[in-house]
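Peer 1: Below is the structure I would like to discuss, written out as structure tokens.
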Amino acid sequence: MRRRLLGIAAAVLTLAFAGEASAQNFDDPKEFEASKQLLEMKPEGPAGKPWEQHLGGKEVDTSRYKKPGPYHICFSNAGVNNPWRVVGWTDMQAQVEMMKGDIASFTHADAEGKDDKQISDINAFVSSGKCDLLIVSPNTTAALTPAVEAACKALPVVVFDRGVLTECPVTFVNPIGGYGWGIQTADFIAGKLPKGGKVLALRILPGVDVLEARWSAANRIFKEKGIDVVGVEFTDGDNAKTKAIVEDYINRFGKIDAIWMDAGATAVAAIEAFEDAGQPYPIITGEDQEDFLVKWKKEGLTAFGPTYPTYQWRSPVIAAVKILKGEPVIGPTWKLPQPVITEETLDKYVNEKMPPLHYAMCGCEDMPGYPERWGGKP
């Protein structure tokens with residue numbers, strides 16, 4: 001997670017479009033309200049298959065891309081350099097296997113978290129003339145925009161996860177996003193926090209768009225509710241640093257009532273700091289990593305699991321085949337549902353047979369090779 005976010009941060013801090021620097025607004029009331037509306041919207045699409053569902057959006061005519069199959073699909077991947085991306089990439093490969101009747105080949109290029117390599121990968125795919133469609137998960141937004149725009153002139157493109165600063169792809173597949181995460185998590189804490197309670201906000205890195213949006217939305221709600229945020233600290237996604245920060249705040253304030261996190265990779269370390277201090281467990285927001293979910297259930301925590309679901313890695317493969325068949329897809333932005341894990345649904349997602357860093361919202365249980373393919377025990 002840390003390496004992934006470090007790579008994004010570098011580009012976010014120097015974001016430019018059309019040659020002009022443009023400061024990003026991470027506290028946009030319109031985006032905040034739009035995300036609230038999406039959270040309240042009932043998903044459309046096949047029941048039980050959130051990777052095929054959508055929130056709003058409109059159908060895009062893809063008839064001009066129709067061609068006989070089976071198809072040669074190429075995938076430019078930002079990297080497989082953290083557990084979230086490993087789970088997602090495994091999902092994607094299994095989805096390709098499920099659609100092997102329509103997919104003759106699926107060629108993957110791993111950019112290893114490097115913009116220059118991904119730009120080269122995309123250029124190589126386009127110049128080869130062997131790709132019927134290109135899927136891109138951009139390493140960074142601004143740097144990859146020109147390469148994606150060039151690719152769009154040669155073949156249909158599907159972008160997912162992180163976006164680019166152009167609407168030339170046939171569709172951009174992603175969940176609701178950072179504002180949605182911030183709203184979901186802050187509302188949970190605000191609804192559980194005792195009057196005068198203290199919240200410690202733990203963040204990973206400054207300047208990363210999705211994380212800034214998460215904190216912006218949460219902070220807006222905390223201010224509106226009059227909640228006392230005693231500190232906002234960056235952990236670098238490091239367990240030892242997270243634990244030390246929490247221990248310091250416990251020593252300084254005597255008691256911390258809630259922990260808010262902009263990503264849950266170090267949630268267990270934060271919880272362990274309370275155990276070591278002999279303090280009662282806080283209200284806490286984590287994520288859908290199995291280590292956190294197992295700890296939550298075992299200790300009976302007052303907790304909440306927002307997600308940036310890894311099942312989204314299935315969607316671009318499904319979209320690619322639909323496009324090449326000339327079937328309509330949702331676009332130019334395809335918003336996927338962004339579910340959460342609550343006390344009521346926790347048992348459904350706790351699975352001690354899966355690795356600690358597995359992401360429960362993988363939507364992979366019906367896929368070939370589950371659970372061993374994802375590192376689980378049969």
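Peer 1: Taking the Cα centre of the stretch 267-378 as origin, work out the dipole magnitude from +1 charges on Lys and Arg Cβ and -1 charges on Asp and Glu Cβ, in debye rounded to 20.
Peer 2: Roughly 620 debye, rounded to the nearest 20.
Peer 1: For every other residue with a beta carbon closer than 12 angstrom to the beta carbon of Leu357, add +1 if it is Lys or Arg and -1 if Asp or Glu, then tell me the sum.
Peer 2: Result for the local shell: -3.
Peer 1: Right, here's the next one. Taking the dipole about the Cα centre of the chain, with the C-beta of Lys and Arg at +1 and of Asp and Glu at -1, give me whichever of Val60, Leu293, Gly264 is farthest to the positive side.
Peer 2: The residue sitting most towards the positive pole is Val60.
Peer 1: Which ordering of Tyr308, Tyr349, Tyr359 is given by a fewest-first count of other beta-carbon atoms within 10 Å?
Peer 2: Listed from fewest to most nearby Cβ atoms, that is Tyr349, Tyr308, Tyr359.
Peer 1: Something else: Return one number: the angle in degrees, 0 to 90 and rounded to the nearest 10, between the long axis of the Cα atoms of helix 2-12 and the longest principal axis of the Cα atoms of the chain.
Peer 2: Rounded to the nearest ten degrees, it is 70.
Peer 1: Using Cβ contacts closer than 10 Å as the measure, can you line up Cys152, Cys362 from fewest to most?
Peer 2: Ordered by Cβ neighbours within 10 Å, fewest first: Cys152, Cys362.
Peer 1: Normalised by the residues of the stretch 139-221, what does the relative contact order come to in percent, with Cα pairs under 8 Å and at least six apart?
Peer 2: The normalised contact order for the stretch 139-221 reaches 27 percent.
Peer 1: Here's another thing I want to ask about it. Taking a 28 Å limit on the Cα-Cα distance, which of the listed pairs Lys255/Lys297; Lys36/Lys255; Lys117/Lys325; Lys243/Lys353; Lys153/Lys325 fall beyond it?
Peer 2: Violating the 28 Å Cα-Cα cut-off are Lys36/Lys255; Lys117/Lys325.
Peer 1: Relative to the longest principal axis of the chain, what angle (0 to 90°, nearest 10) does the C-alpha long axis of helix 239-253 take?
Peer 2: Helix 239-253 and the main axis of the chain meet at about 30 degrees.
Peer 1: From Cα pairs below 8 angstrom and at least 6 apart in sequence, can you work out the relative contact order of the chain, rounded to a whole percent?
Peer 2: Computed over the chain, the figure is 23 percent.
Peer 1: Mind putting a number on the dipole of the stretch 178-306 about its Cα centre? Charges go on the C-beta only, +1 for Lys and Arg and -1 for Asp and Glu, and I need it in Debye to the nearest 20.
Peer 2: 520 debye
Peer 1: Evaluate the Debye formula for the stretch 128-203 with equal point scatterers sitting on the alpha carbons, no solvent, and hand back log10 of I(q)/I(0) at q = 0.14, 0.19, 0.27 Å⁻¹, in q order, two decimals.
Peer 2: -0.59, -0.79, -1.24
Peer 1: Of Pro282, Pro194, Gln118, which is farthest towards the positive pole of the chain's charge dipole, taken about the Cα centre with +1 and -1 on the beta-carbons of Lys, Arg and Asp, Glu respectively?
Peer 2: The Cα lying farthest towards the positive end belongs to Gln118.
Peer 1: Related question: So for the stretch 316-378, what are the equivalent ellipsoid semi-axes in whole Å, largest first, each being the square root of 5 times an eigenvalue of the Cα gyration tensor?
Peer 2: With the √(5λ) rule applied to the stretch 316-378, the semi-axes are 29, 17, 8 Å.
Peer 1: Rounded to the nearest 500, what is the chain's calculated 222 nm mean residue ellipticity when only DSSP H runs of at least 4 contribute -39500 (n - 2.57) each, over all residues?
Peer 2: -12000 deg cm²/dmol
Peer 1: With contacts defined as alpha carbon pairs under 8 Å and 6 or more residues apart, what's the relative contact order of the stretch 178-306 in percent?
Peer 2: After rounding, I find 27 percent.
Peer 1: Quick query: amide H of Val329 versus all other amide H atoms, modeled in the peptide plane; which residues come in under 5 Å with a sequence gap of 5 or more or a different chain?
Peer 2: Counting only residues 5 or more places away or on other chains, the set is Val60, Thr62.
Peer 1: Which percent of Cα-Cα pairs in the chain sits in each 20 Å bin, short to long?
Peer 2: Distribution as computed: 28, 58, 14, 0 percent.
Peer 1: Just the Cα atoms of the stretch 178-306: what Rg and Dmax do they give in Å?
Peer 2: 13.1, 36
Peer 1: Determine, for Glu212, Glu52, Glu112, Glu40, the number of other Cβ atoms within 10 Å of each Cβ, and report the residues in order from fewest to most.
Peer 2: So the ranking, lowest neighbour count to highest, is Glu40, Glu112, Glu52, Glu212.
Peer 1: Once each part is reduced to its C-alpha centroid, what is the distance from the stretch 49-87 to the stretch 174-225 in angstrom?
Peer 2: Cα centres, the stretch 49-87 to the stretch 174-225: 29 Å.
Peer 1: While we're looking at this one, here's another question. Looking only at Asp102, Asp236, Asp366, which one moves most when the chain is put into a Gaussian network model with springs between Cα atoms under 10 Å?
Peer 2: Asp366
Peer 1: Work out the charge dipole of the chain with +1 on the Cβ of Lys and Arg and -1 on the Cβ of Asp and Glu about the Cα centre, then indicate which of Gly207, Asn25, Thr140 is farthest towards its positive end.
Peer 2: Of the candidates, Thr140 comes out farthest on the positive side.
Peer 1: With angles folded into 0 to 90 degrees, how steeply does helix 290-299 sit against the dominant principal axis of the chain? Use alpha carbons for both and round to 10.
Peer 2: Value to nearest ten degrees: 30.
Peer 1: Report the charge-dipole magnitude of the chain in Debye, nearest 20, computed about the Cα centre from +1 at each Lys and Arg Cβ and -1 at each Asp and Glu Cβ.
Peer 2: With only Lys, Arg, Asp and Glu charged at Cβ, the dipole is about 400 debye.
Values in this text are rule-based calculations from the coordinates and carry no lab data. Keep in mind the model is a prediction, meaning the values are calculated, not measured. Every residue, glycine among them, receives a Cβ derived from its backbone with ideal geometry; neighbour counts consider all protein chains shown.
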